[in-house]
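Inspection log for the structure reproduced underneath, given as structure tokens.
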């Protein structure tokens, strides 16, 4: 069966409208609470807008991250509803067991967050292998959090790799981000720096190929930032 582009466009328009009508009918019959309707709309309306308007999506799933909030709320509602159902059926032991499982799972998340500091926002579920399994397959340190600990490390260790009082530096990100940590010692040099810091999110590993890697910043096997130093023969 074939659909014309006009027919597909009509389907894209009718689908969210049909969903809204269905919601209104459920409220009218008191099958669904209005609070759940609101949460459901915060999930479905943005998705429907993306389907209908077909905007350019930058950085893949980045545009969908805000949908996590209504998904969490719906999950909590469903969990509480199920607990009430178990209590009504006099299965309190099972309900208590489920609560214990959820609490233990949250303690695991808290532990993982502590272990990931300061990269908490790259947390991934242990069900898929966590950060180690995702390393090299996804954009991890999107915001370049590693730049701060990287420049701090260099500020304390640069004397091991150069005798210059004012060594030069180049970065793959905006050097102004590091101005606070440059301590008035480092100077920017785009062509022949003494040190080069880059974020692995971008493919900058081939820059300054003769330079030696002296330090990396990351967590749980994931390398977020790399520091290279000019070889002695080139100084």
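The values are calculated or read from the model by the stated rules, or taken from the named source; none is laboratory data. Computed from a prediction, not measured in an experiment: that's the story for all the values here. Note: ideal-geometry Cβ built from the backbone for every residue, glycine included; neighbour counts use all protein chains shown.
Things worth noting here:
- Matching option when the condition is modelled with pLDDT of 85 or more and more than 12 Å from residue 227 (Cα to Cα), among 180, 156: 156
- In the stretch 211-234, residue farthest from residue 112 (Cα to Cα) [restricted to those that are assigned to a loop (DSSP other than H, G, I, E, B) and out of contact with any strand residue (DSSP E or B) (no Cβ under 9 Å at 6 or more places or on another chain)]: 221
- Selected residue [exposed (fewer than 12 other Cβ atoms within 10 Å of the Cβ) and part of a helix (DSSP H, G or I)] from 156, 206, 190: 156
- In the stretch 105-133, residue farthest from residue 195 (Cα to Cα) [restricted to those that are surrounded by fewer than 16 Cβ atoms within 10 Å (Cβ to Cβ) and in contact with a helix residue (DSSP H, G or I) (Cβ under 8 Å, 6 or more places away or on another chain)]: 108
- Check on residue 148, outside any loop (DSSP other than H, G, I, E, B) and either under 24 Å from the mean Cα position of the chain (by Cα) or modelled with pLDDT of 85 or more (or both): yes
- Residue 118 meets each of the listed conditions (1) part of a loop (DSSP other than H, G, I, E, B); (2) within 20 Å of residue 203 (Cα to Cα) apart from (2).
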